[in-house]
Amino acid sequence: MMSTSLAPRKLFDQNWKRIIFWGSICALSQVFICLVGLPAELDRRILIKSTLSLGYLFIIWVPLVFGYVVSKMVELEGIENPKPGPADLLSGAVTGLLGGLGLVILMLGIDNFDLRDPLLNWNPRLFRLLTFENGIGFGSMVWLLSGVGLGTLGAALHQMTSRIRKMIAYATFGLFILAVLEDVIDDLSEGLRLEWLSDMIYDKKGGVTVTSAIVIAVVLALIPMVTRGKIKEKVTQYRSNEEPGDQQRNSIILFALVAVVFLVLPWFLGGIVNELLANVGLFLLLALGLNIVVGLAGLLDLGYVAFFAVGGYTTAVFTSPNSPWFSPETHFGISLLAVVVMATLAGLLIGAPVIRMRGDYLAIVTLGFGEIIRLLFLSDWLKPYLGGSQGITNIPGIDLGPWEVRGADPRSVFYMVLAFCVLAIYVSWRLQGSRLGRAWMAIREDESVAEVMGINTVNSKLMAFVVGAVLASFSGAVLAAKVGSVFPKSFEILVSIIILVVVIVGGMGSITGVMVGSLVLIGILGGPRQPGLLQEFQNYKLLIYGALLVFMMLKRPEGLVPTARRTRELHQEEYLQDAWLGDDDSDQQEEAGERV
Amino acid sequence: MSEILKKKSKNRVSGVDRFLNFIRVVMATLIVVGVLAFIGQQIWPENPFAEWRNPDARGLTGDQFKGLIVSGLSQGAMYGLIALGYSMVYGVLGFINFAHGEVFMVGTMSGWIMSEKLNDAGLWESNFILSLFLIIFVAIATSTITAIITERIAYRPLRNSPRLIPLITSIGVSFFIQNAALGLFGPTSKGYPRLPEWLSKQRSILTVEVAGTKILVVIVAALSMGGLWYLVERTQTGRAMRAVAEDKEIASLMGINVNRTIVITFGVGGAMAGVGGILWGLLFRSVTHMTGFLPGIKAFTAAVVGGIGNMGGAMAGGVFLGSAESIAPMVILEPLGVPGVSQLKDAVAFTVLVLVLLFKPSGLFGERLSQEDRA
């Protein structure tokens, strides 16, 4: 609850030090974003025709966020804050102004000095972009004014009623999502013979047209006006009334519905989007496996890509006529058995030595194992068996009687991946509540206590490794059949890290979270080599993944779709504090946590 | 009933132990056989044991062997410098700062920029010593600042969270810095300017032919190590650092500013990484945004080999790892009949990590950690 009994601050009663601090950080981040090359590279992607490109979006969100941050008040129990007023707007505006000033200085710098030697993006292209090809004066005016405006807007977000805030959020995010999903919607409307729809929304050369952007923004903004939070009310009411059994049944129905949608959808989609969905599925499979290892058992396995590689290489050796060592070609089904066996062995082999190690040693040692396996695949030593750096090529598709799954037909690959994903989801879901799953969670929370409670920690951890390994190897097997070749280069450490980001952003230990995480991250930004919807991000993907990882760890370590148990674990101290401050409060918190 | 259970669980546990023992024995046997075969080749190349796995191998000449040791030593001195940062941070905060390799890369990168500018200005050729001091100063400054900023932004808010959380954060920081460098400076490999003739030429020291650069690397590393030892063991700040490493709460009760001490620890670790970065630049004369990744992990390995939290151990571990990685492929793998051994250099480094943790998890020289970190 906000305590608002004090009068608002006077206009110039500001904490100037704080404003200058945040303002200069705002300026520095804007300059950094420009110099890293994000605006120049992403300028190709137009979000709203002739008004906003993704590149500019990357500059203008900064003052908004910093304006929001600088005018945020720290709420402390027992201390009253002054009512928010125009003074807060001013602090937001000054922060935005300082941010704009940073860009002005950058423009002057580019104009007068030549730093192109070390700094790649210190070039006329960035200068043209920043000045809108209209000279420094015009550019400076625009950036200063927009900085002030956006900073004020950011500060004003605190003072709006929640409904207006919701309206703004719906309109901006809705528009953004619509612009990002352009390819998908285009493709889908073509499949559904609704070309007029996409023609109406989007311009021919890409981007939402200005008129439709305004119309859509207004429509989206009206949604919260009309519903007035009724939907959320209904959902909470429904959730609190239902029996746990019914809830479970409902979630099964929901999953089935989603599955049906995914079964039907590919028929209306073109090759590119299907390919994208297949990639998402492959990474979802990996993420579900890692979710068991990291999310449930709490073993930070950074060499997870090793199992992916084992799956891919086993399939390649068994099915390809080109594999140098094992000449008979077997059917994918038989090779899948081999994949399971090999993955289990690999899981045991990597798992056993690290099982007694401290959590962080385990991370580094598994990372080491991942690299060792990649280097072995690459080496001349195993070249007679695995092809060295040339890898193994000519892997046939999967022959399923009437159908054939091969890379050229992304729809079939998608169905194949979907089947594996459904299997993986079922397995993880059943494991979660099982004796083994509960043992994993106990180990994650406190290993020594778990051991004292009679859990065989060694075996449980090994099982986690094995299950994770098998799921990852399935993904590797499908990838091999899809791409038709395996190279050591496809199995770099990067893959492990990206899957880790997916699991963490989605929510460790939560199946829905992992699904959301892979759909959003892999679908939009893309995997290590696979482009996502925003192909322009190719070079900046890892930068954003890194920043995202840090941000999530700092602000929301339980992920986007958290599980109740994990949340409580991570915010234990806050719960304890709440309990200390007032017993009633903490009970409610507990219940709320239960329901999430 | 309970006795049966007990027996059963005991049996199960010893299954893994038996497997681990098996791995230990196999690895030890491989190493011993490899070394013996190598010695056999050296003494009498035609003997059947030496020819058993690899009939083509003829061992190494004395000069080759000396060359391997010297390059291993100079490489190892660098690993040691980076390892100090891991070791100090682990000792004080109890988590692996995965981004430390990137701090090292930042040092190398800033050294490159500075040396380019100095080369353009002509100072690099006319007064190399001064420019060397300048680039070392710049590298130390940037690396220290990077380390301190990451501590402030990413690690300080997480100080009391579960142990894996800061580790995951540091992975994110590492990727962020790596790719920020990629975006700022581009993907091409950047070359340091040519070193003056008097430095890079071969010199003979105690019958060993050594490139002058390698001598410089070892000397600078030794000097930095000495300075660090003095700082930690003989000054007030160092005592504060040791106290914080032992127990943060009690240290703060004793009037030590824990936050400040932790920042200093990060800063000193960053400075060491900066020196290491310049040495890397002088030795290999090229840097990319990926430069920090492998040396970072290897330096962590070095810290573990020497016993994490133990500073002398970190340096010794670095030297051990550097020599192992340059010698072991030729001495152990080649006689065992493995072709293309030089490709497996990195794999050897990681195997050393696994072996050390299998045989002596506390490192060769023992850990120096506070009670709470050992859990």
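The values are calculated or read from the model by the stated rules, or taken from the named source; none is laboratory data. As the structure is a prediction and not an experimental result, all values here were calculated from the model. Neighbour counts are summed over all protein chains in view; Cβ atoms, including those assigned to glycine, are modelled from backbone coordinates with ideal geometry. Side chains included, ligands, DNA and RNA excluded: accessible areas come from the protein's heavy atoms. Shrake-Rupley method; radii C 1.70, N 1.55, O 1.52, S 1.80 Å.
Mean projected area of the convex hull spanned by the Cα atoms of the stretch A:161-241, taken over all viewing directions: 6.9 nm².
Looking at chain A, which longest stretch skips every one of the GluC sites (Glu not before Pro) that is in a DSSP loop with at most 13 other Cβ atoms within 10 Å, leaving the sites themselves out? Don't skip to the answer; put the middle values down first.
Numbers: sites that count: A:Glu75, A:Glu77, A:Glu80, A:Glu133, A:Glu242.
Excluding the exposed sites themselves, the longest stretch runs over A:243-596.
Inside 10 Å of the C-beta atoms of A:546-558, what's the mean count of C-beta atoms belonging to other chains?
Working: counts 11, 6, 3, 10, 15, 3, 3, 14, 9, 1, 0, 7, 0.
Mean partner shielding for this stretch: 6.
Per-atom-type breakdown for the protein assembly as shown gives carbon and sulfur 65% of the accessible area (1.4 Å probe, protein chains only).
With the simple spin-label model, which puts each label point 7 Å out from Cα in the Cβ direction, the A:Phe262 to A:Phe176 separation comes to 2.5 nm.
The distance between label points at B:Phe137 and B:Thr207 comes to 4.4 nm (points 7 Å beyond Cα on the Cα→Cβ vector).
Using the Cβ-Cβ distance between A:Arg249 and A:Glu492 with R0 = 60 Å, the FRET efficiency computed as 1/(1 + (r/R0)^6) comes to roughly 0.90.
D for the protein assembly as shown, whole µm²/s, Stokes-Einstein with Kirkwood Rh over alpha-carbon pairs at 10 °C and 1.306 mPa s: what number?
Details: Rh = 30.7 Å.
In µm²/s, the coefficient rounds to 52.
Scanning residues 5 or more positions from A:Leu52 or on other chains, those with amide H under 5 Å from its amide H are A:Leu47, with H placed 1.01 Å from N in the peptide plane. Packing here is the average count of other Cβ atoms within 10 Å per residue, and on that basis the peptides B:139-149, A:115-125, B:167-177, highest first, run B:167-177, B:139-149, A:115-125.
May I ask you to give the solvent-accessible area per residue for the protein assembly as shown, in square angstrom, as obtained with a 1.4 angstrom probe? Write down the numbers at each step before the final one.
Values: 44530 Å² over 971 residues.
In whole numbers, the protein assembly as shown has 46 Å² accessible per residue.
For peptide B:330-343, how many partner chain Cβ atoms fall within 10 Å of a residue's Cβ, on average? Display every interim value, and only then the final one.
Values: counts 0, 0, 0, 1, 0, 0, 0, 1, 4, 6, 7, 3, 2, 8.
That works out to 2 on average.
Working from label points 7 Å from Cα in the Cα-to-Cβ sense, the A:Arg556 to A:Glu190 distance is 3.4 nm. Working from Cα pairs under 8 Å separated by at least six residues, relative contact order for the stretch A:317-466 is 26 percent.
So between A:Ala564 and A:Ser50, what do we pick up on full extension, going 0.36 nm a residue minus the alpha carbon distance? Intermediate values should be presented prior to the final figure.
Details: separation 514, 0.36 × 514 = 185.04 nm, distance 4.51 nm.
Stretched fully, the A:Ala564-A:Ser50 segment lengthens by 180.5 nm.
Could you work out the helix-only [θ] at 222 nm for chain A, with each DSSP H run of four or more residues adding -39,500 (n - 2.57) and the total divided by the number of residues, to the nearest 500 deg cm²/dmol? Let's see the in-between values first.
Details: 27 runs with 406 residues, N = 596.
It lands at -22500 deg cm²/dmol.
With θ taken as phi - 60° and the Karplus curve 6.51 cos²θ - 1.76 cosθ + 1.60 applied, the whole-hertz 3J(HN,Hα) list for the stretch A:269-275 is 10, x, x, 5, 5, 5, 4 Hz, x standing for glycine and proline. Can you grab the distance from the C-alpha centre of the stretch A:174-247 to the C-alpha centre of the stretch B:275-317, Å, no decimals? The stretch A:174-247 and the stretch B:275-317 have Cα centres spaced 51 Å from each other.
Phi angles of the stretch A:335-350 translate, via the Karplus equation with coefficients 6.51, -1.76, 1.60 and θ = phi - 60°, into HN-Hα couplings of 5, 5, 4, 4, 4, 4, 4, 5, 5, 4, 4, 4, x, 5, 5, 7 Hz per residue; Gly and Pro are given as x.
Per-residue Cβ counts within 10 Å, from other chains only, averaged over B:344-352: what number is that?
Details: counts 7, 1, 5, 10, 2, 3, 11, 3, 1.
Rounded to a whole number, the mean comes out at 5.
Each 10 Å bin from zero up to the one holding the largest Cα-Cα distance in the stretch A:199-323 carries the following percent of pairs: 9, 16, 26, 28, 16, 5, 0.
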